[in-house]
Amino acid sequence: IPGHSMPLAALGTFILWLGWFGFNGGSQLALGSKDDIDAISLIFTSTNMGAAAGALAAGLLTQIIYRKVDLTFVLNGALAGLVSVTAGPDIGVGVAFIEGIVGGILVVLAVPFFDKLRLDDPVGALSVHLVAGIWGTLAVGIFNPDVTIFAQLKGIVIIGAFTFTASFIVWYIIKI
């Protein structure tokens, strides 16, 4: 079923976008020195860059694929950019731009993929959070020289296994 209120969907996305500044900026956990303020400024700028790049990439890709810009993909592209940059918002604005672009592209490709698998995901939450989240986690290992890609892959697998197991247990308990 297509979305019923695009203005409300856009408003919801913009509210999330605004809230993300507190979420990512708050991860600095300190505002007591010039270095802390500089770090928060970088995080704010990177957060905004990731969202903007994700929205633009999703819009451009939907224009190429569908011959029209799809607002729902643009909105999810912005959210995918935010999710992509969240794992490492302090790496740099250029990296955030790349993370956002890839996140926006991935969301446009993942939504139809999950639709073909017949997974019920009416708002693209799997595409935005799972796919872009995995990309953002891997991007930290790619772009941050202090972190290995292996450590990021290990974290993805461990968290994925835990989540799958916990979800299965809850599903089984509810089913009984």
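The values are calculated or read from the model by the stated rules, or taken from the named source; none is laboratory data. Quantities reported herein were computed from a predicted structural model and do not represent experimental measurements. No Cβ is skipped: glycine too gets one built from the backbone with ideal geometry, and neighbour counts run over all protein chains shown. Accessible surface areas use protein heavy atoms only, side chains included; no ligands, DNA or RNA. Shrake-Rupley method; radii C 1.70, N 1.55, O 1.52, S 1.80 Å.
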(request) Identify all residues within segment 9-41 that are in contact (Cβ under 8 Å) with a residue 12 or more places away in the chain and among the aromatic types (F, W, Y); write none if there are none. (result) W17, W20, F21, F23
(message) Would you confirm whether or not segment 30-46 contains a residue that is of a type outside the set (A, V, I, L, M), closer than 22 Å to G103 by Cβ, in contact with a Leu (Cβ under 8 Å, 6 or more places away or on another chain) and surrounded by 19 or more Cβ atoms within 10 Å (Cβ to Cβ)?
(response) no
(request) Return yes when N24 is touching a Pro at 6+ places or on another chain (Cβ under 7 Å), surrounded by 14 or more Cβ atoms within 10 Å (Cβ to Cβ) and either under 13 Å from L79 (Cβ atoms) or not small (G, A, S) (or both) and no when it is not. (result) yes
(message) If a residue counts only when it is open to solvent by 80 Å² or more (accessible area, probe 1.4 Å), which helices (runs of 4 or more DSSP H) contained entirely in segment 66-176 have at least 3 such residues?
(response) 93-116, 149-175
(message) Within segment 50-62, does at least one residue satisfy the condition of being open to solvent by 60 Å² or more (accessible area, probe 1.4 Å) and under 17 Å from V107 (Cβ atoms)?
(response) yes
(message) If a residue must be within 14 Å of the chain's Cα centre (by Cα) and at positive phi, how many such residues does segment 117-176 contain?
(response) 1
(message) Exactly one condition in (1) more than 21 Å from I134 (Cα to Cα); (2) part of a helix (DSSP H, G or I) is false for L29; which is it?
(response) (2)
